[in-house]
Every structure is written in structure tokens, then in C-alpha cells.
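The values are calculated or read from the model by the stated rules, or taken from the named source; none is laboratory data. Owing to the predicted nature of the structure, the values given are computational and were not obtained by experimental measurement. Note: ideal-geometry Cβ built from the backbone for every residue, glycine included; neighbour counts use all protein chains shown.
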Amino acid sequence: MRYISIILILVIALLITTNTAHSQVKITLPKIEIGNKSAGDANLSTGIQVLLLLTALSLAPAFLLMMTSFTRIIVVLSLLRSALSIQQTPPNQVLIGMALFLTFFVMSPTWKTINTEAINPYMAGKITYKDAIDKGSKPIREFMFRQTKEKDLGLMVQMAKMNQPKNENDIPTHVLVPAFIVSELNTAFKIGFMLYIPFIVIDMVISSILMAMGMMMLPPVMISLPFKILLFVLADGWNLIVKSLVTGFS
């Protein structure tokens with residue numbers, strides 16, 4: 001959890017610096033000499049680090065939801081539960097817990113890179129906090145760029161009224177994040193549509209059989225639900241769902 005909190009601090013600082021860089025207001029830090037270093041080049045003081053840590057902890061759920069694989073995973077799992085017509089099984093706590101651990105599994109290579117290239121050198125005093133922000137933001141941005149569709153990214157660039165970017169470095173993080181979220185939602189709904197198809201077929205078959213037998217008062221869901229669960233178990237559905245979700249981010 002300490003590494004995740006530090007990662008969130010880097011992300012918050014990155015968002016602040018990118019927003020400032022693209023605004024019209026120019027802020028210059030005063031140069032106060034401290035020994036052989038100026039205050040502008042020195043590392044953050046302990047008080048500021050604690051403040052950023054508390055801010056990161058309060059904003060951690062939002063960053064976890066919007067800048068990782070969590071969004072796609074939880075939406076697909078929720079759509080799967082709706083397709084099976086079981087509204088309370090698995091419970092929300094189980095789905096969220098499963099989505100969290102799958103998110104940790106998918107994001108672990110990215111977080112290891114941030115830990116190796118940014119957090120450990122900064123904690124050892126080898127690099128400044130500015131260098132830590134630059135190095136720590138690159139793996140997160142690379143992950144989001146891989147999963148973001150060009151159409152969604154172009155939409156956000158157009159809405160931000162930016163000049164045509166020449167490369168990925170010209171796209172600020174506050175423009176990349178919403179484009180990444182939209183792409184994740186589109187991908188999750190496409191997967192959910194494919195999940196619905198076999199279960200809809202079962203519902204149609206069961207409804208036709210009940211109508212042919214004249215059993216109009218019997219809800220088709222009561223009969224189709226066991227067959228849906230049976231189909232899902234025989235097809236090893238959980239294995240297929242988890243495999244497709246994890247490999248989809250590679």
C-alpha cells in the first residue's frame with residue numbers, strides 16, 4: 001500500500017504540472033539558497049510529502065477506478081451477472097474484490113516499473129521529485145495509450161481545443177485520462193454484448209417451449225436460469241472470462 005500511495009502522489013503531481021503547463025498563467029518558484037542547493041531544486045520537505053500522501057489517499061479510489069484496468073473488469077463482471085439473470089449472485093462485494101485483485105495482477109508490471117525507476121531512486125535521494133514525476137508517469141501513460149483508441153483520443157484533443165499533437169508527449173495527462181475511460185467503457189460493452197448472446201438464445205428457446213405447452217403463467221426466467229448456469233459451468237466460463245480480461249491488456 002505504501003508503494004501504491006507514492007504512485008498516486010506522482011500521478012497527482014503529474015496532473016497538476018500538466019494542467020499548469022497548458023494554462024496561460026506562468027508561475028516561477030523563488031530561488032532561495034539553502035547550502036549548495038536552491039529551494040527550487042531541493043526535494044520536497046517532509047510536511048509537503050505528508051500533505052501529498054493524505055491527498056493521494058483521499059483521491060485513491062478515483063485514480064484506481066479511472067487510470068487502471070478496474071473499469072473494464074468491473075463493467076464486464078456486472079454485465080455477466082445481468083446476462084445470467086442473477087441480480088445478487090455473486091454479491092457486489094465479491095465482484096468488487098475480484099475486480100480489485102485482477103486489477104492488481106494486470107497493473108503489477110506497470111507498478112513494478114514505477115517502483116524501480118522512480119520510487120526507489122527518489123526514496124534513496126538519487127533523483128529529485130521532478131525527475132520522479134517524469135519517470136513515474138511514463139509507465140502509466142504508456143499503459144493508457146496502449147488501451148486508448150485513436151478515435152476517442154482525437155475526440156478529447158478536439159474538445160480541449162489543442163493544436164494537432166505530433167507525438168504522445170504532446171498530449172497532456174488530463175486529456176489522456178478521459179479518452180482512456182471512454183475506450184475502456186466501449187471495450188467493456190462490446191465484451192458484454194458477446195456475453196449476452198448465448199444466454200438470450202436460451203431465454204428464447206425456453207420461452208418458445210413454454211408457450212407451445214400453454215404454460216403462460218410460468219415465468220421463463222425460473223426455467224432458463226438453471227440452464228444458463230449449467231451452460232456457463234460446462235463452458236468453464238469463469239476461466240474464459242478471466243483469461244480474456246487479463247490477456248486483453250497485454
Read through the list (1) closer than 26 Å to residue 229 by Cα; (2) hydrophobic (A, V, I, L, M, F, W, C); (3) buried (at least 19 other Cβ atoms within 10 Å of the Cβ), then give the number of the only condition that residue 144 fails. (1)
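Could you please find all residues in the stretch 189-241 being within 30 Å of residue 110 (Cβ to Cβ) and touching a Leu at 6+ places or on another chain (Cβ under 7 Å)? I'd like the intermediate steps shown before the answer.
Initial filter on the stretch 189-241 (within 30 Å of residue 110 (Cβ to Cβ)): 189-195, 236-241.
Scanning the stretch 189-241 gives 192, 195, 241.
From the list 77, 59, 64, which one is closer than 24 Å to residue 184 by Cβ, in a helix (DSSP H, G or I), at pLDDT 85 or above and touching a helix residue (DSSP H, G or I) at 6+ places or on another chain (Cβ under 7 Å)? Working first, answer last.
Details: 59 fails: at pLDDT 85 or above; 64 fails: at pLDDT 85 or above.
The unique qualifying residue is 77.
Can you tell which of 183, 137 is under 20 Å from the mean Cα position of the chain (by Cα) and within 20 Å of residue 250 (Cβ to Cβ)? Give the steps one after another, and end with the answer.
Working: 137 fails: within 20 Å of residue 250 (Cβ to Cβ).
Going through 183, 137 in turn, just one is under 20 Å from the mean Cα position of the chain (by Cα) and within 20 Å of residue 250 (Cβ to Cβ): 183.
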Conditions first: (1) of a type outside the set (S, T, N, Q); (2) touching a helix residue (DSSP H, G or I) at 6+ places or on another chain (Cβ under 9 Å); (3) under 26 Å from residue 72 (Cα atoms). Residue 97 passes all but one, so which condition is the exception? (2)
Is there any pair with a first residue in the stretch 227-250 that is closer than 25 Å to residue 184 by Cα and a second that is outside any helix (DSSP H, G or I) and of a type in the set (Gly, Ala, Ser) whose Cβ atoms are under 9 Å apart and which are 6 or more apart or on different chains, and what are they? 245/69; 246/69; 248/69; 249/69
Filtering the stretch 209-228 for residues that are surrounded by fewer than 16 Cβ atoms within 10 Å (Cβ to Cβ) and within 37 Å of the chain's Cα centre (by Cα) leaves a count of 4
Among the residues of the stretch 107-119, count how many are loosely packed, with under 15 Cβ neighbours inside 10 Å and of a type outside the set (Lys, Arg). 3
List the number of the failed condition for residue 206; all other conditions in (1) buried (at least 18 other Cβ atoms within 10 Å of the Cβ); (2) more than 30 Å from residue 84 (Cα to Cα) hold. (2)
How many residues does the stretch 171-194 hold that are assigned to a helix (DSSP H, G or I) and touching a Ser or Thr at 6+ places or on another chain (Cβ under 9 Å)? 14
Listed by first then second residue, the pairs whose first member lies in the stretch 153-181 and is within 16 Å of residue 139 (Cα to Cα), whose partner is at pLDDT 80 or above and among the aromatic types (Phe, Trp, Tyr), with beta carbons under 9 Å and at least 6 positions apart or on separate chains, are 168/145; 171/145; 176/145; 180/143; 180/145
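Can you tell me which of 193, 180, 232 is modelled with pLDDT of 85 or more, surrounded by 16 or more Cβ atoms within 10 Å (Cβ to Cβ), out of contact with any helix residue (DSSP H, G or I) (no Cβ under 7 Å at 6 or more places or on another chain) and not β-branched (Val, Ile, Thr)?
On the way: 193 fails: surrounded by 16 or more Cβ atoms within 10 Å (Cβ to Cβ); 180 fails: out of contact with any helix residue (DSSP H, G or I) (no Cβ under 7 Å at 6 or more places or on another chain).
Exactly one of 193, 180, 232 is modelled with pLDDT of 85 or more, surrounded by 16 or more Cβ atoms within 10 Å (Cβ to Cβ), out of contact with any helix residue (DSSP H, G or I) (no Cβ under 7 Å at 6 or more places or on another chain) and not β-branched (Val, Ile, Thr), namely 232.
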Of the residues in the stretch 156-170, those that are touching a helix residue (DSSP H, G or I) at 6+ places or on another chain (Cβ under 7 Å), in a helix (DSSP H, G or I) and not β-branched (Val, Ile, Thr) number 2
